[in-house]
Amino acid sequence: GEDVEQSLFLSVREGDSSVINCTYTDSSSTYLYWYKQEPGAGLQLLTYIFSNMDMKQDQRLTVLLNKKDKHLSLRIADTQTGDSAIYFCAEIPPRDYKLSFGAGTTVTVRA
Amino acid sequence: DTEVTQTPKHLVMGMTNKKSLKCEQHMGHRAMYWYKQKAKKPPELMFVYSYEKLSINESVPSRFSPECPNSSLLNLHLHALQPEDSALYLCASSGGSAEVQETQYFGPGTRLLVL
């Protein structure tokens, strides 16, 4: 995960929006991903964005990509207790197998 | 359907035991992966199989032995493990008819404890 950086913790009140940030270094990356991992579970693919896009929206999730600054963010609207999890940002170069993960952001939703 | 299944869910083994982890996908994916994940850390890639051939081995100790019997199945054979090998072992798959070939879909993992 040296090439992908994330803040480690985020605490958010139920009903508020959460914003998780990520920076990456590999300019050849084609796809950037957000995975969610709940306690004791595997990684669930939440969403991905192609590197020539600026934004992608999927229900409560909005992904923003600033390619110039190599900055990726995930916004979760109306955060619920079920959103408490670790969120991993990941990147992959084209036609490659090796996902580079960030360290993961632990999101805690408080009532 | 984007499901990868793994068995067993939990495994406890002694350092002299031999055991196997199993992974299965029916999405027509042509690449399958084994990852090791320690608590609160990102997954670390161990092996990649592409079209049933081992294409990446990330310098994993020989006490871990992968096997790909067919395009839907991936096994990880374990022998003479050490306590530090205790971790969550994740299987993933990608490719085939997926919209984005590189996108990896993960299974629920096998939580391994080595005593």
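Throughout, read-outs are computed from the coordinates displayed, never taken from laboratory work. It should be emphasised that the depicted structure is a prediction, and the values quoted were computed from it without experimental measurement. For neighbour counting, all protein chains shown are included, and Cβ atoms are generated from backbone atoms with ideal geometry for every residue, glycine included.
Quick notes on this structure:
- In chain B, one over the average inverse separation of all distinct C-alpha pairs is 14.1 Å, which is the Kirkwood hydrodynamic radius.
- Measuring nothing but how far apart in sequence close Cα pairs (under 8 Å, 6+ apart) lie, relative to its length, the range B:2-115 scores a relative contact order of 37 percent.
- Label-to-label distance, nm, for residues given as B:Ser50 and A:Glu38 (7 Å Cα→Cβ offset): 3.5
- Summing Lys and Arg as +1 and Asp and Glu as -1 over all other residues whose Cβ lies under 12 Å from the Cβ of B:Met32 gives a net charge of 0.
- Per-q log10 I(q)/I(0), the protein assembly as shown, q = 0.10, 0.16 Å⁻¹ (Debye; single scatterer per alpha-carbon; no solvent): -0.46, -1.12
- Between B:His79 and B:His26, the modelled labels are 3.2 nm apart [label points 7 Å from Cα along Cα→Cβ].
- Exposure rule at most 15 other beta-carbon atoms within 10 Å, DSSP loop trypsin sites (Lys or Arg not before Pro): chain B longest free segment: B:64-115
- Among the GluC sites (Glu not before Pro) in the range B:72-115, those located in a DSSP loop and surrounded by at most 13 other Cβ atoms within 10 Å of their own Cβ are B:Glu99.
- log₁₀ of I(q)/I(0) at q = 0.19 Å⁻¹ - the range A:1-101, Debye sum with one point per alpha carbon: -0.92
- For the range A:14-111, the tally of Lys pairs with Cα-Cα distances below 22 Å comes to 8, considering only residues 8 or more apart or on different chains.
- Neighbour-count ranking [beta-carbon atoms within 10 angstrom, fewest first] of A:Val12, B:Val12, A:Val4: B:Val12, A:Val12, A:Val4
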